[in-house]
Amino acid sequence: MSDENYHRMAELGVVVPNVELIRGALIEKMPKSPLHSSIVRLLDRFFLAQLPPGWHPRAEQPLTFADSEPEPDIAIVRGTESEYFGKHPTVADLVIEISISTEHLDRVKLQLYAEAGVREYWLLLAEERVIERHTEPQGMGYQRVERVLFPATLESTVFPGLALPPSGLFPA
């Protein structure tokens, strides 16, 4: 299914609201755990306060690609929110997925993000307190992957000086 057909079906009320278009297929999204919801909200507030002018965070909002419309937990996109009143962004500079029970799907989405030119992808394995930073997209993957165990941090390659995770991200 193309993203045009997906949008047409959504306008007609045929598509249920808890799905994502991934590689032309409708994939049901997992219910959000309290941990997942809390981390997304903490990161959204963190990025609102830390990002330089000209970028903004989008929490659980679509990105439109050729055959997919994933809804990353956090996407950092260039421009103002009003620039996206008529269409979803087609790329992000940084995407973060918080994985509680969705690691397999988050790794499939990693391929989408690399293909779309997302410069940096972070996968937070929340229960293990592991953070992966994927950089240098090429084809369906990233050339460089770094993993740290909390409380260690990694600095963004896209936004120098911006380090994750912020304090208080994981429960004590």
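The values are calculated or read from the model by the stated rules, or taken from the named source; none is laboratory data. Keep in mind that what you see is a predicted model, and the values were worked out from it rather than measured. Don't worry about glycine lacking a Cβ; one is built from the backbone with ideal geometry, like all the others, and counts go over all protein chains shown. To get the accessible areas, we keep the full protein, side chains included, count just its heavy atoms, and leave off ligands, DNA and RNA. Shrake-Rupley method; radii C 1.70, N 1.55, O 1.52, S 1.80 Å.
Details
- Near pairs, Cβ below 7 angstrom, 6+ apart or cross-chain, from the stretch 27-38 (without any contact (Cβ under 8 Å) to a residue 60 or more places away in the chain) to any residue that is of a type in the set (D, E, K, R) and outside any helix (DSSP H, G or I): Lys29/Glu20
- Filter result (more than 20 Å from Ala66 (Cβ to Cβ) and open to solvent by 60 Å² or more (accessible area, probe 1.4 Å)) within the stretch 19-37: Glu28, Met30, Pro31, Lys32, Pro34
- Being free of Cβ contacts under 8 Å to residues at least 24 places away in the same chain, surrounded by fewer than 21 Cβ atoms within 10 Å (Cβ to Cβ), within 21 Å of His36 (Cα to Cα) and not aliphatic (A, V, I, L, M) is a property that does not hold for Arg129.
- Checking each residue of the stretch 94-108 against the condition of being open to solvent by 20 Å² or more (accessible area, probe 1.4 Å) and touching a strand residue (DSSP E or B) at 6+ places or on another chain (Cβ under 6 Å) gives no match.
- Within this structure, Ala114 passes the test of being aliphatic (A, V, I, L, M) and in contact with a Phe, Trp or Tyr (Cβ under 7 Å, 6 or more places away or on another chain).
- Test: residue in the stretch 144-156 that is among the hydroxyl-bearing types (Ser, Thr, Tyr) and in a strand (DSSP E or B): no
- Residue within the stretch 103-118 that is farther than 14 Å from Tyr142 by Cβ and part of a loop (DSSP other than H, G, I, E, B) present: no
- Here Met140 meets each of (1) over 20 Å from Asp73 (Cβ atoms); (2) open to solvent by 70 Å² or more (accessible area, probe 1.4 Å); (3) free of Cβ contacts under 8 Å to residues at least 12 places away in the same chain with one exception, condition (3).
- Filtered by the rule that a residue be under 10 Å from the mean Cα position of the chain (by Cα), assigned to a loop (DSSP other than H, G, I, E, B) and either touching a residue at least 24 places away in the same chain (Cβ under 8 Å) or surrounded by 19 or more Cβ atoms within 10 Å (Cβ to Cβ) (or both), the stretch 47-92 gives Gln61, Pro62, Leu63, Pro70, Glu71, Pro72, Asp73, Ala92.
- In this entry, Glu120 is excluded by the filter for residues that are at pLDDT 95 or above and surrounded by fewer than 18 Cβ atoms within 10 Å (Cβ to Cβ).
- Across the stretch 149-172, the qualifying residues are those that are open to solvent by less than 40 Å² (accessible area, probe 1.4 Å) and either farther than 22 Å from Arg45 by Cβ or in contact with a Phe, Trp or Tyr (Cβ under 6 Å, 6 or more places away or on another chain) (or both), and the one among them that is modelled with the lowest pLDDT is Pro166.
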